[in-house]
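Sharing a structure with you now.
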Amino acid sequence: MFPFRNILFPNDLSVNSQAALKYATAFAQHGHGSVVSLSVQDAKEIAQAAIDEDIDLITVAMRDRNRLSLAFGSSTAEDIIAEAPCAVLAVRPPQRDFVEQQDGQFDIQLKRVLLATNFRPSSVAATQLATQMANQLGAELHAVYVIGDYFDQISVMFPEGGLAALTRLRSYVQERMAHLSRSGGSAVATHIGEGRPYQEVVKLADTLQADLIVIGTAVHGSLFGSSQVLGSEIERVIRNAPCPVLCVPAARVVTPLPARVTQIVPQT
């Protein structure tokens, strides 16, 4: 069964929002479901609507941000990703596009999926979802783990211990990635990078010409309130990716039941 049937589209009336609507319609058509359009822009209200309407996926459009907004908080789209109880597809035109529209029908042409994993609990749901989508849509599945550059810094400061820890980590990652390639249910190409995580993920996505990045979105409480916020590396992946990014929380909502239909989607 295709993982997405009921899609929530928060409409902010921007030019980029039309791209988000296109993806929402394409996934709903493919899953024989529906699109719920919502004009509310408060992140918590959108998250509650996702629960009330049994939503499987939210599609949001990213807006360009100036230096002031970058310095003083997240965007509405990032707030939605942090608060959402289900997967969120973030699109930021112009990007590599895997949906084609013709005669009112939307064709999903997903060829390469890049899963960014760290083997933590927050990446389990993302791994399952990336594997499921690749299998059902006949796409190549690539997985990447990035060893952060802070290990190199530790090795410089504490050469007697830092290098040994880095060596053990490299061996551990190789073993885990080999296990992932054998247990994914289909062929999984694995990649191990070293450096700044978001930079390595974005660079690999560009090199592979990936159509979609899938990433688990662990969140934490804000220092300035009770709201949830994304980690900086996840935000940078979303902001710099050459293709849409599917953000998957550990406790995503997946339902086989149709939600209340507020916008009829033509069936294929």
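The values are calculated or read from the model by the stated rules, or taken from the named source; none is laboratory data. Remember, it's a predicted structure, so these values are computed and weren't measured experimentally. Note that we place each Cβ from the backbone using ideal geometry, even for glycine, and neighbour counts take in every protein chain shown.
It is to be established whether one or more residues within the range 138-145 are over 29 Å from ASP52 (Cβ atoms) and more than 17 Å from the chain's Cα centre (by Cα). Spell out how you get there, then give the answer.
So in the range 138-145, the residues over 29 Å from ASP52 (Cβ atoms) come out as 138-145.
Pick out the ones that are also more than 17 Å from the chain's Cα centre (by Cα) and you get 138.
Checked against the condition, which is being over 29 Å from ASP52 (Cβ atoms) and more than 17 Å from the chain's Cα centre (by Cα), the range 138-145 yields at least one hit.
Hey, among THR25, THR59, which residue is closer than 20 Å to ASP107 by Cβ, surrounded by 16 or more Cβ atoms within 10 Å (Cβ to Cβ) and within 17 Å of the chain's Cα centre (by Cα)? Outline the logic, then answer.
Values: THR25 fails: within 17 Å of the chain's Cα centre (by Cα).
Matching residue, one of THR25, THR59: THR59.
If you don't mind, another one. Hey, GLY184 hits all of (1) at pLDDT 90 or above; (2) surrounded by 18 or more Cβ atoms within 10 Å (Cβ to Cβ) but one; which does it fall short on?
(1)
Related question: Give me the pairs: first residue in the range 97-124 and under 20 Å from ALA205 (Cβ atoms), second residue aromatic (Phe, Trp, Tyr) and modelled with pLDDT of 90 or more, beta-carbon distance under 6 Å, and six or more apart or on different chains, which are they?
Partner pairs satisfying both residue conditions: VAL99/TYR23; VAL99/PHE106; GLN109/PHE98; LEU110/PHE98; THR117/TYR145.
Next up: What about VAL99, is it aliphatic (A, V, I, L, M) and either modelled with pLDDT under 85 or over 25 Å from the mean Cα position of the chain (by Cα) (or both)? Spell out how you get there, then give the answer.
Values: aliphatic (A, V, I, L, M): yes; either modelled with pLDDT under 85 or over 25 Å from the mean Cα position of the chain (by Cα) (or both): no.
When the stated conditions are applied, VAL99 does not pass them.
Just the residues that are within 15 Å of ILE238 (Cα to Cα) and not in a helix (DSSP H, G or I), please, taken from the range 174-211.
Within the range 174-211, the first condition is being within 15 Å of ILE238 (Cα to Cα), and the residues that meet it are 196-206, 210-211.
Across the range 174-211, the qualifying residues are ARG196, ALA210, ASP211.
Please find, among LEU8, LEU38, the residue that is hydrophobic (A, V, I, L, M, F, W, C), modelled with pLDDT under 95 and more than 20 Å from ALA241 (Cβ to Cβ).
Details: LEU8 fails: modelled with pLDDT under 95.
Testing whether each residue is hydrophobic (A, V, I, L, M, F, W, C), modelled with pLDDT under 95 and more than 20 Å from ALA241 (Cβ to Cβ) leaves just LEU38.
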